[in-house]
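Undergrad: I'd like to ask some things about the structure below.
The values are calculated or read from the model by the stated rules, or taken from the named source; none is laboratory data. Everything numeric in this text was worked out from a predicted model, so none of it was measured. Cβ atoms come from the backbone with ideal geometry, glycine included; neighbour counts cover every protein chain shown.
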Amino acid sequence: MGTAVAAAVEPPFHAKAAKKIPGAKEAVWLLRNADRVASFANDVVGDICGTLSGAIGAGILFRLVGGEAGNALWGTAMTAVIASLTVGGKAVGKRMALSEAEDIVFWAGRFIAALERLAGKPLVKEKFQKDKPK
């Protein structure tokens, strides 16, 4: 998501917003706030996923070796598997985010619009203007 908002351009979403297509205004807001969206999506969510994958890997390791925590070979192997899946997954995700940036941002905009309909109130401030200090 973070790479997609950094790579996408606004004009296609202005056309969709003019046609009142749900999610287009939210997509414009995402693009106008790309710095914050990218920081949150890449850094915060990335750190959470890294922590969770390590914890899950540790749980799997303890389940496989049955409490033989001293076996460094198993720990090293599990770490290598987790690292390769993480790095490989990020590479595939970035490639997809760059080639399908507008589709990903529009999907996210439609998701936010659906949440707004469910909540009954806007979740993003001023759809077409970047938040300005008051």
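Undergrad: Under 7 Å by Cβ, and 6 or more places apart or on different chains, what pairs join a residue from the range 37-61 that is touching a residue at least 40 places away in the same chain (Cβ under 8 Å) and closer than 23 Å to ALA101 by Cβ with one that is outside any helix (DSSP H, G or I) and not small (Gly, Ala, Ser)?
TA: Between residues of the range 37-61 that are touching a residue at least 40 places away in the same chain (Cβ under 8 Å) and closer than 23 Å to ALA101 by Cβ and residues that are outside any helix (DSSP H, G or I) and not small (Gly, Ala, Ser), the close pairs are ALA41/MET1.
Undergrad: While we're here: Would it be correct to say that ALA38 is part of a helix (DSSP H, G or I), within 25 Å of GLY93 (Cα to Cα), of a type in the set (Gly, Ala, Ser) and modelled with pLDDT of 90 or more?
TA: Considered against the rule, which asks whether it is part of a helix (DSSP H, G or I), within 25 Å of GLY93 (Cα to Cα), of a type in the set (Gly, Ala, Ser) and modelled with pLDDT of 90 or more, ALA38 comes out as yes.
Undergrad: If you take the residues of the range 89-102 that are of a type outside the set (Gly, Ala, Ser) and surrounded by fewer than 13 Cβ atoms within 10 Å (Cβ to Cβ), which of them is nearest to ALA38 (Cα to Cα)?
TA: Residue satisfying both the conditions and the ranking: ARG95.
Undergrad: What are the residues in the range 1-29 that are within 30 Å of ILE82 (Cβ to Cβ) and in a helix (DSSP H, G or I), if any?
TA: The answer is GLY2, THR3, ALA4, VAL5, ALA6, ALA7.
Undergrad: Restricting attention to the range 43-88, which residues are closer than 30 Å to GLU10 by Cα and surrounded by 14 or more Cβ atoms within 10 Å (Cβ to Cβ)?
TA: Selection gives GLY46 alone.
Let's see how each residue does on (1) among the β-branched types (Val, Ile, Thr); (2) farther than 19 Å from ALA108 by Cα:
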position	(1), (2)
THR3	yes, no
LYS16	no, no
PRO22	no, no
ALA34	no, no
VAL37	yes, no
PHE40	no, no
VAL44	yes, no
LEU61	no, yes
ALA83	no, yes
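Undergrad: Being in a helix (DSSP H, G or I), more than 17 Å from the chain's Cα centre (by Cα) and among the hydroxyl-bearing types (Ser, Thr, Tyr) is the requirement here; does THR79 meet it?
TA: Yes; evaluated as a whole, the condition is true for this residue.
Undergrad: Here is a list of conditions, (1) at pLDDT below 90; (2) of a type outside the set (S, T, N, Q); (3) under 16 Å from the mean Cα position of the chain (by Cα); (4) surrounded by 13 or more Cβ atoms within 10 Å (Cβ to Cβ), and VAL105 meets all of them except one; can you say which number that is?
TA: Going through the list (1) at pLDDT below 90; (2) of a type outside the set (S, T, N, Q); (3) under 16 Å from the mean Cα position of the chain (by Cα); (4) surrounded by 13 or more Cβ atoms within 10 Å (Cβ to Cβ), VAL105 breaks only (1).
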